[in-house]
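A short worksheet on the structure shown next.
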Amino acid sequence: MAARKGRQATRGGGGRSWPAWIWVGIGLLLGVGLMLLVLFKDWAPLLRKKNLPQPNPAATAPQASEPAVADTGRKEPPKKSYDFYKVLEANEVVIPDAELTEKARAEQQAKSAANAAPGATATPAPGVAPATASGGRYILQAGSYPDAKGADEIKAKLALLGFQANVQPVTVNGKQWHRVRLGPYASASDLESAKRSLGENGINAIALKEQPPGQQ
């Protein structure tokens, strides 16, 4: 009777399941094997390529002179600039630098000749008429601004430099401008001297001459 129970116990013990760590190890080995199989068969890159944009064989690289696609829709912001010539009166003429220098030189030569020969009448250089003979006034325009604040700022800067300026509001094509002007000056020499002094202080003024009525 005891021998039969022993044999039954032996048979019952032989039918037990494996420990859990064995199954975990088998699972890890299967996972590693599957991973190696995927890598060696080059399946992973194929799966990734399905979701990526494919190259276009007909596409060509842009030339160096051609703008990039992202740049074509982008516009440069407009630059803030003020055009002196749009706010001039009809009787005002801009004097180029070369002409102003020539006028100033002619005045200096005439003044020197008058000082050398007292009582003699100085003859101006050919083609250059003095301001007193042709009439008009010499003035400088240091700036023209659509807002009064900008004009007041440049006026204050000129005052610190020792120049007395005035702001003239004008309307051009329905738009109001504020001109900052200096003068009038009695001669082209005085005008050139003031313009040169402003340029040395970073202010690029333009020389103007107001023509008398009937000479526009």
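Counting C-alpha atoms alone, how compact is the stretch 142-192: give Rg to one decimal and Dmax as a whole number, in angstrom.
12.1, 36
Work through the residues other than A148 whose Cβ is under 14 Å from its Cβ and net out their charges, Lys, Arg +1 and Asp, Glu -1.
Here the charged neighbours net out to +1.
May I ask you to compute the full-extension gain from D97 to L161, defined as 0.36 nm times their residue separation minus their alpha-carbon distance, rounded to one decimal in nm?
This chain segment gains 20.8 nm when fully extended.
Report the full-extension gain for the segment L30 to N201: residue separation times 0.36 nm, less the Cα-Cα distance, to one decimal in nm.
That works out to 53.2 nm of additional length.
In nm, give the distance between the simple-model label positions of L37 and E210, each being 7 Å from the Cα along the Cα-to-Cβ direction.
About 10.0 nm separates the two model spin labels.
Determine, from the Cβ-Cβ distance of K111 and R137 and an R0 of 30 Å, the FRET efficiency 1/(1 + (r/R0)^6), rounded to the nearest 0.05.
Here the calculated transfer efficiency is 0.95.
Bear in mind that the values in this text are calculations on the coordinates, not laboratory data. Note that the structure is a prediction, hence the values are computed from the model and not measured. No Cβ is skipped: glycine too gets one built from the backbone with ideal geometry, and neighbour counts run over all protein chains shown.
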